[in-house]
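Nothing in this text is a laboratory measurement; each read-out follows from the coordinates by a stated rule. Just so it is clear, the model here is predicted, and its values are computed rather than measured. Glycine gets a Cβ as well: all are built from the backbone with ideal geometry, and neighbour counts include every protein chain shown.
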Amino acid sequence: MTENENKKISDEELAAAAENEESAASVPSDETKASPQAGDESGDGCGQNPGNFDKNGDKDFDKDCDKDGDKDAGKDAGRERDGKYKKENRRLTEQLAEKEKALAEARDKYMRLAAEYDNFRKRSVKEKEGIYADAYSDCILALLPVADNLERALLFPEGEKVLEGVRMTMNQFTEALKKLGVEEIETKVFDPVYHNAVMHVEDEAFGEGEIVEVFQKGYKKGDKVIRHAMVKVAN
């Protein structure tokens with residue numbers, strides 16, 4: 001070979017050797033591929049700068065890592081907020097249940113008290129009316145013997161003046177009873193509510209239960225009987 005040919009071959013070998021070195025430098029070793037960069041213990045790639053990424057790739061990679069971190073932090077904050085809301089909701093629900101229970105008890109107590117008061121009011125009115133009627137009854141009952149004696153005196157007149165005086169007294173007494181709302185009990189047909197049968201007679205001339213004779217007049221005020229009429233009943 002000539003000197004020029006030898007020089008040409010040497011230049012080609014040098015160029016080939018340089019290309020091999022560049023190729024070897026561009027390919028990462030197995031150790032570099034297997035282990036993550038320092039500062040990223042999780043090995044998920046966040047926080048490391050792989051050698052085969054360019055600058056733009058590094059920026060995109062870091063943005064993705066920041067987004068994942070923000071999502072995780074947001075989830076944690078949301079879970080904490082939900083927990084607080086649930087706890088507060090349970091507390092308010094318990095308070096509401098207690099208030100509703102207290103309200104129901106107060107309403108029941110009020111209804112019972114109102115019912116008791118209404119019963120007391122009605123009972124008081126009835127008792128008052130009863131006391132008033134009883135007072136009338138006691139008063140009239142004390143005067144009735146006087147009326148009885150006057151009626152007996154009218155049956156045996158001994159003089160015109162005496163008879164006239166007894167009639168006037170009897171009329172005056174009857175008017176006084178009317179002013180008090182006291183009326184004489186009718187004595188046509190026997191009624192155990194108003195009459196007291198002391199004698200019984202069988203007589204076809206009278207109807208069944210017809211009052212034949214009145215031994216003592218009866219009096220009443222409204223529906224209250226002051227004194228039952230004492231009568232003789234037929235059939």
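Set the bar at 20 Å for Cα to Cα. Now go through Lys122/Lys178; Lys178/Lys221; Lys126/Lys178; Lys122/Lys179; Lys128/Lys217; Lys178/Lys224 and name every pair that lies beyond it. Show your work: numbers first, answer last.
On the way: Lys122/Lys178 29 Å; Lys178/Lys221 10 Å; Lys126/Lys178 23 Å; Lys122/Lys179 28 Å; Lys128/Lys217 28 Å; Lys178/Lys224 15 Å.
Violating the 20 Å limit, Cα to Cα: Lys122/Lys178; Lys126/Lys178; Lys122/Lys179; Lys128/Lys217.
Each label point is 7 Å from the Cα along the Cα-to-Cβ direction; what then is the distance between the points at Lys109 and Asn196, in nm?
Using points 7 Å along Cα→Cβ, the separation is 5.3 nm.
Using a 10 Å cut-off around each Cβ, can you sort Glu100, Glu202 from fewest to most neighbouring Cβ atoms?
Ranked by crowding around the Cβ, least crowded first: Glu202, Glu100.
Where Rh denotes the Kirkwood radius from the mean inverse Cα pair distance, what is Rg over Rh for segment 84-157?
1.72
Would you kindly compute the Cα radius of gyration of segment 184-235 and its largest Cα-Cα separation (Dmax), both in Å?
In Å, with Rg to one decimal and Dmax whole: 10.8, 34.
Using a Förster distance of 22 angstrom, determine the FRET efficiency expected from the C-beta separation of Glu151 and Glu210, and round it to 0.05.
Approximately 0.50, to the nearest 0.05.
Across all directions of projection, what mean area in square nanometres is found for the Cα convex hull of segment 113-204?
10.1 nm²
Ranked by Cβ crowding within 10 angstrom, fewest neighbours first, how are His200, His228, His195 ordered?
Working: His200 11, His228 19, His195 23.
The fewest-first ordering by Cβ neighbours comes to His200, His228, His195.
Report the full-extension gain for the segment Tyr132 to Phe173: residue separation times 0.36 nm, less the Cα-Cα distance, to one decimal in nm. Present the calculation step by step, with values, prior to reporting the outcome.
Values: separation 41, 0.36 × 41 = 14.76 nm, distance 2.08 nm.
Length gained between Tyr132 and Phe173: 12.7 nm.
So how do Phe173, Phe120 line up by other beta-carbon neighbours within 10 Å, fewest first?
Phe120, Phe173
Return a whole-number percent for the relative contact order of segment 184-235, with Cα pairs under 8 Å and 6 or more residues apart as the contact set. Write out the running numbers ahead of the final one.
Details: 113 pairs, mean separation 24.7, N = 52.
Averaging sequence separation for qualifying contacts and normalising by length gives 48 percent for segment 184-235.
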